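Only one structure is covered here, and it is reproduced in the block below.
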Amino acid sequence: MEKHKIIPLLPGIFQQSVKPGNPLFAFLSVMEVMHTDSETILNTLDSFFDPGRTDENFIRFLLKWVDMDWLIDEGNTSGNMIKTDNLRLLIANAWYLSKWRGTSKGLIMFLETATGVKGFLINENAKDEKGIPLPFHIIINVPENAVPMLHIIERIVEKEKPAYVTHETKILMAS
């Protein structure tokens, strides 16, 4: 808080005694400088919680807030991790994704947002090689350009599909 804003808050006798060079003036000057960093942070506090503007290091914390910290694979160094921009989108859309959790629509939205690749398909009417329907079984058709992220795709499917549903993953070849 700046000196000229603090002075009117002081009792009248103190207001009269604030003059350059006296101890109260010096004390208010020090107080003004010491609060500058805190006030800067408080004035931009919303930027910490906005996934589009927050520091990259704060993304991990926000992922925990929306129960998506399982997306971060600590031991994975193979390069098939989710990009930071996609994590930001997942955090921003967490409310909407949770609304559709457990549905084909929700799983496709989650996969496309996480990978940045469009074209995932889910076959809910899976049949075996004899044409007999497989109840509670889905087939996830993954676009060919999402194959490098197959590890994370499998993790997402396991987490987002209903627990009683089994699945298999197939790669869609580009034609």
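Assuming charge only on the beta carbon of Lys and Arg (+1) and of Asp and Glu (-1), the dipole of region 1-102 about its Cα centre is about 280 debye to the nearest 20. A dipole drawn for region 1-145 from +1 and -1 charges on Cβ atoms has a positive end, and of 134, 9, 52 the residue lying farthest that way is 9. Relative to the dominant Cα principal axis of the chain, helix 104-115 is inclined by about 60°. Local charge sum around residue 35 (other residues, Cβ-Cβ under 15 Å, Lys/Arg +1, Asp/Glu -1)? Taking every Cβ under 15 Å from that of residue 35, the sum is -2.
Approximating the spin labels as points 7 Å out from Cα along Cα→Cβ, the residue 31-to-residue 118 distance works out to 5.8 nm.
Magnitude of the charge dipole for region 71-175, about its Cα centre and with charges confined to Cβ atoms of Lys, Arg (+1) and Asp, Glu (-1), is about 340 debye.
If I take R0 = 22 Å and measure r between the Cβ atoms of residue 66 and residue 172 in this structure, what FRET efficiency does the formula 1/(1 + (r/R0)^6) give, to the nearest 0.05? Given R0 = 22 Å and the Cβ-Cβ separation, E is 0.15.
Apolar share of the accessible surface for the chain: 59 percent from carbon plus sulfur atoms, 1.4 Å probe.
Solvent-accessible surface of region 76-146, taken per residue with a 1.4 Å probe and all protein chains present: 57 Å².
The values are calculated or read from the model by the stated rules, or taken from the named source; none is laboratory data. Fair warning: this is a prediction, and the values are worked out from it, not measured in the lab. Positions of Cβ are backbone-derived with ideal geometry, glycine not excepted, and every protein chain shown enters the neighbour counts. The protein model used for the area step is the full one, side chains on, heavy atoms only, and it has no ligands, DNA or RNA in it. Shrake-Rupley method; radii C 1.70, N 1.55, O 1.52, S 1.80 Å.
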